[in-house]
Amino acid sequence: MADTATGGGGQWQHPDGRVELDPSVGELPANGFTSDDLIPVPVARRTWTTYNFLALWVGMAHNIPSWTLASGLVAIGMDWKQAVLTIALANLIVLVPMLLTGHAGTKYGIPFPVFARASFGLRGANLPALLRAAVACAWFGIQTWIGGEGIFLLAGKLLGESWRTAGEFAGYPWTQWLSFLLFWLIEMAVIARGMEALRRFENWAAPFVIVGALALLVWITVKAGGFGPLLDQPSALGWGRDFWKVFFPALMGMIGFWSTLSLNIPDFTRFGGSQRAQIRGQALGLPTTMTFFALLSVLVTSGSQAVYGEPVWDPIQLAAKMENPAGILFALLTVLVATLSVNIAANVVSPAYDLANLLPRFVNFRTGALITGVVGIAIFPWRLISDPHVYIYTWLGVVGGLLGTVAGVLIADYWLLRRTRLELAELYRPGRTYWYAGGWNRRAVAALLVGGLLAVGGSYSTVDAHGVEQGPFPADGLVPLLKPLADYGWAVGLASSATLYVLLGLGRRPEAGWRAAAEGAGRAVAVEGRRGGAHRCRRSPRCRPVTGSPPPARRP
């Protein structure tokens with residue numbers, strides 16, 4: 001009976017298109033590519049609903065960096081309408097790759113690093129996984145520092161001046177270090193309880209953060225007696241050539257904000273109860289929430305300008321201006337919940353799975369999450385924040401551009417070449433369908449390298465009024481010929497890597513490796529598969545075994 005799992009057999013496709021391993025074939029072998037955290041989620045445990053995905057995005061989008069996105073666009077000359085429009089359009093665009101990669105998670109119940117094995121190979125998948133993990137660890141450290149700063153500032157309003165002026169250590173009061181450590185421990189406590197605890201946390205965190213943001217709007221509106229002059233401020237760019245020169249680079253920056261999640265969204269959609277649930281949940285959650293939050297940010301900041309004479313874009317700094325202890329406590333709790341919800345979901349889940357994929361025998365999800373937490377401290381996030389040019393241009397700019405190339409390869413392989421057909425058990429078996437050459441798919445690596453060169457090869461630093469370069473790159477770009485592409489890095493990387501991967505794959509049928517792997521099993525596979533089918537269909541009489549040949553393309 002166990003032989004039915006070889007050659008791509010031993011999986012079941014349900015009427016709604018979701019696929020799972022046939023339980024009659026036994027467990028996947030313990031071979032260095034399997035673990036409890038990486039194996040496919042059984043259909044019975046894929047229970048996330050539309051609301052769960054909606055709540056996930058509301059919780060992730062309502063955070064302090066999201067709040068201040070509009071301020072960055074207004075600062076470069078846009079008016080509030082142009083800023084909100086740019087953010088809304090960017091999130092509609094990034095939603096497309098989000099849904100395309102998320103489809104595989106729901107259909108097969110697999111996380112991002114396992115999904116990447118289909119295109120990069122069982123060993124090669126570690127390359128995109130570790131790229132993604134590196135960005136997540138950096139963001140985790142920065143968000144944790146922001147959360148700790150929120151505790152420090154708002155607690156100082158309650159505990160008095162002595163809290164804010166405590167003795168310094170390494171340039172910061174020891175009370176700020178204590179706040180940072182406290183917030184880190186809270187994060188670790190939540191994630192240690194696993195993905196189900198995260199789902200429950202996001203369910204109540206999402207509406208709480210919305211209420212908190214609306215309460216901040218009501219407070220500043222009452223205090224200002226209406227909104228200030230910010231809404232009447234005309235655009236410094238107009239709608240002509242000057243605007244479009246700024247618009248497209250700004251659009252790419254806004255897309256890059258969530259481009260990381262467009263890769264590892266299968267980490268969440270693998271628990272989806274249906275494709276409709278994950279599609280509707282994400283479509284309702286991401287673009288609408290980000291647009292609403294940007295508008296809310298503009299309105300609150302406009303009110304702050306009317307009250308304090310200057311715009312206060314940072315919600316922590318604004319909340320710190322409150323005098324009512326109850327209001328301060330509520331603001332503190334809102335900041336904590338908002339930062340927790342995005343940091344755990346966006347920056348801990350992904351590297352936890354990625355590290356588990358690297359060493360599945362030694363690292364499980366919880367261990368990977370703990371490693372992420374330690375690395376997030378070890379990168380000294382307070383230094384990254386203190387030098388934004390180094391962080392933005394060296395870290396996020398370069399690595400973020402490379403992540404676009406990874407998305408291009410994943411989407412081209414899954415949708416254009418394989419037409420969403422994967423052999424589930426083969427994703428965990430070395431020497432078989434997805435082994436390629438020594439565990440690496442050289443075509444995927446080549447597409448990644450070429451796309452990455454085009455995306456980030458022209459990286460450059462801006463020059464201030466004194467002629468000083470504001471960043472680590474030459475003003476003319478690393479490769480001057482590629483400088484015009486640098487402002488569109490994510491889109492260039494995605495399009496070029498997808499195109500090259502498809503061209504390199506022309507004439508090669510993805511199913512050929514599957515058939516070669518199935519050779520020798522022959523009719524015995526089909527016969528045993530039918531026996532397994534009789535067993536499996538006691539629970540789902542309409543489902544059908546997938547054994548002797550690849551299943552036909554079937555999209556829910």
Which of the residues spanning the range 107-144 are aromatic (Phe, Trp, Tyr), open to solvent by less than 10 Å² (accessible area, probe 1.4 Å) and either within 29 Å of Trp67 (Cα to Cα) or free of Cβ contacts under 8 Å to residues at least 60 places away in the same chain (or both)? Phe112, Phe140
Please count how many residues of the range 222-274 are closer than 21 Å to Leu403 by Cα and open to solvent by 20 Å² or more (accessible area, probe 1.4 Å). 7
If Met98 passes every condition in (1) in contact with a Pro (Cβ under 7 Å, 6 or more places away or on another chain); (2) open to solvent by less than 10 Å² (accessible area, probe 1.4 Å) but one, which one does it miss? (1)
In the range 219-232, residues that are in a helix (DSSP H, G or I), farther than 13 Å from Thr334 by Cβ and modelled with pLDDT of 80 or more total 5
Can you confirm whether Ile279 is in contact with a Gly (Cβ under 7 Å, 6 or more places away or on another chain), among the hydrophobic types (A, V, I, L, M, F, W, C) and either surrounded by fewer than 21 Cβ atoms within 10 Å (Cβ to Cβ) or farther than 14 Å from Asn91 by Cα (or both)? no
Specify the residue that is surrounded by the fewest Cβ atoms within 10 Å (Cβ to Cβ); the eligible residues are those in the range 145-154 that are farther than 30 Å from Ser262 by Cβ and at pLDDT 85 or above. Ile151
Looking at (1) in a loop (DSSP other than H, G, I, E, B); (2) at pLDDT below 95; (3) of a type outside the set (Val, Ile, Thr), which is the one condition that is false for Pro128? (1)
Residue identified as of a type outside the set (Lys, Arg) and in contact with a strand residue (DSSP E or B) (Cβ under 6 Å, 6 or more places away or on another chain) among Gln82, Gln13: Gln13
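Residue-by-condition table, conditions (1) outside any helix (DSSP H, G or I); (2) modelled with pLDDT of 80 or more; (3) aliphatic (A, V, I, L, M):
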| residue | (1), (2), (3) |
| --- | --- |
| Ser179 | no, yes, no |
| Ile186 | no, yes, yes |
| Glu196 | no, no, no |
| Phe201 | no, no, no |
| Gly212 | no, yes, no |
| Phe247 | no, yes, no |
What are the residue pairs meeting all of these: first residue in the range 340-357, first residue outside any helix (DSSP H, G or I), second residue not charged (D, E, K, R), Cβ atoms under 7 Å, and 6 or more apart or on different chains? Val348/Phe140; Val348/Ile191; Val348/Ala369; Val348/Thr372
Is one or more of the residues making up the range 206-217 open to solvent by less than 40 Å² (accessible area, probe 1.4 Å) and in contact with an Asp or Glu (Cβ under 8 Å, 6 or more places away or on another chain)? no
With the checklist (1) within 15 Å of the chain's Cα centre (by Cα); (2) assigned to a loop (DSSP other than H, G, I, E, B); (3) β-branched (Val, Ile, Thr) in hand, flag the one item Val363 doesn't pass. (1)
Qualifying position, being among the small types (Gly, Ala, Ser), at pLDDT 85 or above and out of contact with any strand residue (DSSP E or B) (no Cβ under 7 Å at 6 or more places or on another chain), among Ala283, Ala319: Ala283
State all residues of the range 117-139 that are of a type in the set (Lys, Arg) and within 16 Å of Arg429 (Cβ to Cβ); if no residue qualifies, say none. Arg117, Arg123
Restricting the first residue to the range 302-321 and requiring it to be over 16 Å from Ala83 (Cβ atoms), which pairs with a second residue that is surrounded by fewer than 22 Cβ atoms within 10 Å (Cβ to Cβ) and among the polar types (S, T, N, Q) meet a Cβ separation below 8 Å and a spacing of at least six or different chains? Gly303/Thr221; Val312/Gln305; Asp314/Thr68
Within the range 445-477, count every residue that is modelled with pLDDT of 90 or more and out of contact with any helix residue (DSSP H, G or I) (no Cβ under 6 Å at 6 or more places or on another chain). 4
Residue hits (the range 290-301; open to solvent by 10 Å² or more (accessible area, probe 1.4 Å) and among the β-branched types (Val, Ile, Thr)) are Thr291
Could you tell me whether the range 343-353 includes any residue that is farther than 28 Å from Leu38 by Cα and modelled with pLDDT of 80 or more? no
Out of Leu28, Leu85, Leu69, I need the residue that is on the phi < 0 side of the Ramachandran plot, open to solvent by 10 Å² or more (accessible area, probe 1.4 Å) and free of Cβ contacts under 8 Å to residues at least 60 places away in the same chain. Which one? Leu85
If you check Thr269, Thr288, Thr301, which single one turns out to be β-branched (Val, Ile, Thr), closer than 25 Å to Val349 by Cα and more than 16 Å from the chain's Cα centre (by Cα)? Thr288
For the range 302-351, which residues satisfy the criterion of being among the hydroxyl-bearing types (Ser, Thr, Tyr) and surrounded by 22 or more Cβ atoms within 10 Å (Cβ to Cβ)? Ser302, Ser304, Thr334, Thr339, Ser341, Ser350
For the range 261-283, pairs from a residue that is more than 16 Å from Arg45 (Cβ to Cβ) and in contact (Cβ under 8 Å) with a residue 12 or more places away in the chain to a residue that is open to solvent by less than 10 Å² (accessible area, probe 1.4 Å) and of a type in the set (Ser, Thr, Tyr), with Cβ under 7 Å and 6 or more apart or across chains, are Ser262/Thr101; Leu263/Thr101; Asn264/Ser350; Ile265/Thr101; Gln275/Thr106
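The values are calculated or read from the model by the stated rules, or taken from the named source; none is laboratory data. Quick caveat, the model's predicted, so the values are computed rather than measured. Ideal geometry is used to build each Cβ from the backbone, glycine not excepted, and the neighbour counts take in all protein chains shown. The protein model used for the area step is the full one, side chains on, heavy atoms only, and it has no ligands, DNA or RNA in it. Shrake-Rupley method; radii C 1.70, N 1.55, O 1.52, S 1.80 Å.
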